[in-house]
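Coordinate-derived values only; no laboratory data. Source: prediction; values computed, not measured. Counting neighbours? That spans all protein chains shown, and the Cβs are built from the backbone with ideal geometry, glycine included.
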Amino acid sequence: MFAFAVQAEQGSVGEITFGSLRSVSESSSSKLDRNSEIVQSVANAYRSALGEEPKEVYVDYTIDAGYMNMNGIPTIMLGAVDMRFAHGDTEFTNLNDTYDVARIYANWAITNAR
């Protein structure tokens with residue numbers, strides 16, 4: 001699946017040499033500035049991969065990104081899971097959404113490879 005996403009993105013970012021954007025945090029003290037490098041770079045990858053504007057949301061539940069941000073490590077959450085069904089016996093993901101997120105990841109990695 002990831003290889004197909006990389007191939008799909010190759011045309012939009014050039015030669016490769018190496019699936020809803022959700023910027024979330026646990027509390028306002030750990031919320032990232034929407035102009036931060038990580039938010040902007042992932043938002044750009046989202047736009048390039050999917051051809052639409054990302055949706056930024058704030059959540060009030062505990063997630064790993066909040067802890068990372070509070071400790072000075074800029075972190076966002078980006079995935080294809082519906083949090084209503086996460087971490088339980090009925091957890092699932094839509095394969096089309098997973099493919100879209102893979103395209104975003106591939107675009108971000110190719111564009112930001114150093």
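Compute the Cα gyration tensor for segment 61-114, then decide on rounded, prolate or oblate, letting a ≥ b ≥ c be the square roots of its eigenvalues: rounded whenever a/c is under 1.5, prolate when a/b is larger than b/c in the other cases, and oblate in all that remain.
Judged from the Cα gyration tensor, segment 61-114 comes out oblate (a/c at least 1.5, b/c at or above a/b).
Tell me the net charge near N94. Cut-off is 11 Å between Cβ atoms, N94 excluded, with +1 for each Lys or Arg and -1 for each Asp or Glu.
Overall, the nearby charge balance is -3.
Test of the criteria: in segment 44-84, which trypsin sites (Lys or Arg not before Pro) are in a DSSP loop and have at most 14 other Cβ atoms within 10 angstrom of their Cβ?
K55
Which ³J(HN,Hα) values, rounded to whole Hz and listed in residue order, are derived for segment 100-114 from phi using the Karplus coefficients 6.51, -1.76 and 1.60 in 6.51 cos²θ - 1.76 cosθ + 1.60 with θ = phi - 60°, glycine and proline given as x?
Coupling constants for segment 100-114: 4, 5, 4, 5, 5, 4, 4, 4, 4, 5, 5, 5, 9, 4, 10 Hz.
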